[in-house]
Structures are given as C-alpha cells and as structure tokens.
Amino acid sequence: VQLQASGGGLVQAGGSLRLSCATSGSIFSLSIMGWYRQAPGKQREWVAHITSGGSADYVDSVKGRFTISRDNAKNTVFLQMNSLKPEDTAVYYCNLRRANFVSWGQGTLVTVSS
C-alpha cells in the first residue's frame, strides 16, 4: 500500500489549507486513517484519525480548527485545516492502519507565517 500526501504550502496565520492523502491498494475502506505532524526539532505527534466507520478524533490543540474526512470511493483521506497558527508549522504525514499493518506517506510541508 502506498500513500501520497499533498496540499501543503505556505499560508498566513488565520488561513486555511486542505491536505489530501491518496492511497493505493484495496484495504483503504477497512483501515483507520490518520494524520501526524513533525515540527522542526520535535517528535512526530498524532493530529487526527478517522475510523473505517467515520468516527474521528483529534489532538486537543487542533480541535475546532481541523477536520479529518475520508472518501472511500477515491481511497483518499483529507485534513481541512482552518484558523492556522504558526505553531501548526510542520511536515504532515498520513498514516494507514489495518490490524498489524501500518503504512506511512512521504509527508507534506505546512508553513504558517505570523
């Protein structure tokens, strides 16, 4: 299974971006899809995930600002990021989990200027 993340870029504080992660393979609809991020000099942290049934959860720092969604017909997961803050600056990675199988995308850089 391959994951291809896209949609990152440079945005001013208060702005919005929408990340996408397209996947190959046939297990997408059965998988938990997640977004993680890694800021410079920091460890990678979980941001959000969405189950195969559509239940979503978020790290407290993005609740109310970010929305994760999925399109099972297109094998794609999205992360809508609104009201972006400079502290959201990071490389964002998508992640697929199905039982003991885990796969990561290559990351997309989000830079939020103040």
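Results, tabulated for the structure shown:
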quantity	calculated
Where labels lie 7 Å past Cα in the beta-carbon direction, separation of S24 and Q80 in nm	3.0
Antiparallel content of DSSP bridges confined to the chain, in %, to 5	90
Compactness index (Cα Rg / 2.2 N^0.38 Å), the chain	1.00
Accessible area in square angstrom per residue, the range 25-114, 1.4 angstrom probe	51
Given charges at Cβ of Lys, Arg, Asp, Glu: the chain dipole, positive-most of V11, I32, A73	A73
Charge dipole (debye, nearest 20) of the chain; +1 at Cβ of Lys and Arg, -1 at Cβ of Asp and Glu	100
Pair S52, Q4: separation of 7 Å Cα→Cβ label points (nm)	2.5
Percent carbon-and-sulfur accessible area, the range 42-109, ignoring ligands, DNA and RNA, probe 1.4 Å	46
DSSP loop trypsin sites (Lys or Arg not before Pro) with at most 16 other Cβ within 10 Å: longest gap in the chain	1-41
Local electrostatic count, S29, Cβ distance below 14 Å [Lys/Arg +1, Asp/Glu -1]	+3
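The values are calculated or read from the model by the stated rules, or taken from the named source; none is laboratory data. Keep in mind that this is a model prediction, so the values were computed, not measured. Here Cβ is always computed from backbone atoms with ideal geometry, including for glycine, and neighbour counts include all displayed protein chains. Heavy atoms of the whole protein, side chains included, go into the accessibility calculation; ligands, DNA and RNA do not. Shrake-Rupley method; radii C 1.70, N 1.55, O 1.52, S 1.80 Å.
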